[in-house]
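Enquirer: Starting off with a structure, shown below.
The values are calculated or read from the model by the stated rules, or taken from the named source; none is laboratory data. Everything quoted here is computed from the prediction, not taken from an experiment. Counting neighbours? That spans all protein chains shown, and the Cβs are built from the backbone with ideal geometry, glycine included. In case anyone asks, the SASA skips ligands and DNA or RNA and just uses the protein heavy atoms, side chains included. Shrake-Rupley method; radii C 1.70, N 1.55, O 1.52, S 1.80 Å.
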Amino acid sequence: MNFNGLEFSDYLNVFQKFSWGEWIIFSLVINLFLYLFSIGLYLFVDKTCRKDKLQKEDHPVTKSDFLLSLLTVICNSFIMLLGVLLWKSEWITLDNNTSAGIVFLEVAALILLMDFCMYLFHYAAHAPSIYKMLHGKHHEHVSTNFLSLFVLHPFETIGFGLMMIVLLMGYNFSLTAIVTYLTINLIWGTIGHLNREFFPVRFDRLGIGTTRFHNLHHLDERKNFGFYTSIWDRLFGTYKN
């Protein structure tokens, strides 16, 4: 794969030469950018979408939520650095000779595998003892706002990241597939926490995890644990429409 005359492997060689200080700065800058991108996307869609709100009012933005959202950025940076460490130690290998068709299949596989892992993790997070300690803060957002996606206990953020790392250790995904998946993940999470339906009604019938699908989970914590799809909720009897 070639980008402006440089081979894919050349870019990896550049990253290999980063010092840990450079990696820390790079990781924080990238994750802060993604955080701001998510907020900007949320506000843009919220202002331009003509559909009615799913709930009358957005959840108020509080100082504690803002600080917790910044901690989530730091945790995501830590996960990225852990991934780099495993890559440098050759526990994670990146495939750099992958066709567009294989990239598409890898992205689809990451979406389905992570959706299943997230379903199990999310379902477990609703166990009474774990819920009070970890997940309850997120569910204070019965309605949502532009920070809701990032209002997570640090252990939740790290848990989601570790699931991704385990998958990367098990198969040599391409960097293109990983970046594509992570982009989809951020956009999907942002849209899923809107207070307006973003998707056409028919998407729910196709098993896609729509905005309304996740909003119903915030209203009824016993249902709709999936993220990208409603497949696992339909299979395991936790689906609500």
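Enquirer: Please list 3J(HN,Hα) in residue order for the range 72-85, calculated via the Karplus relation 6.51 cos²θ - 1.76 cosθ + 1.60 where θ = phi - 60°; whole Hz, with x for glycine and proline.
Expert: Rounded to whole hertz, the list is 4, 4, 5, 5, 4, 5, 4, 4, 4, 5, 5, x, 4, 4.
Enquirer: Pick out which of TYR181, TYR228, TYR171 has the largest mean-square fluctuation in a Gaussian network model of the chain, springs linking Cα atoms closer than 10 Å.
Expert: TYR171
Enquirer: Continuing with this model, one more query. Which residue, THR62, THR229, THR180, tops the fluctuation ranking in a GNM of the chain built on C-alpha contacts under 10 Å?
Expert: Top of the fluctuation ranking is THR62.
Enquirer: How big is the dipole moment of the chain about its Cα centre under a simple scheme where the beta carbon of each Lys and Arg is +1, that of each Asp and Glu is -1, and everything else is neutral? Debye, nearest 20, please.
Expert: The dipole magnitude comes to about 720 debye.
Enquirer: So, one more: Using every pair of alpha-carbon atoms in the range 55-160, split the distances into 5 Å bins beginning at 0 and state the percent of pairs per bin, rounded to integers.
Expert: Whole-percent P(r) values from 0 Å outward: 2, 10, 14, 17, 19, 15, 10, 7, 4, 1, 0.
Enquirer: Okay, helix-only estimate at 222 nm for the chain: each DSSP H run of n ≥ 4 adds -39500 (n - 2.57), divide by all residues, round to 500 deg cm²/dmol; what do you get? Each step should come with its number before you reach the end.
Expert: Values: 9 runs with 144 residues, N = 241.
One gets -20000 deg cm²/dmol as the mean residue ellipticity at 222 nm.
Enquirer: Another question, if that's okay. To the nearest 10 square angstrom, what accessible area does LYS51 show with a 1.4 Å probe?
Expert: Per-residue accessible area (LYS51): approximately 80 Å².
Enquirer: Per residue, how much space in cubic angstrom lies within the convex hull of the C-alpha atoms of the range 93-241?
Expert: Details: hull volume 17.0 nm³, N = 149.
Here the figure is 114 Å³ per residue.
Enquirer: Here is a follow-up. Could you name the aspartates and glutamates whose alpha carbon sits less than 15 Å from that of LYS47, not counting residues in the same chain fewer than 8 places away?
Expert: Partners within reach: GLU57, ASP58, GLU197.
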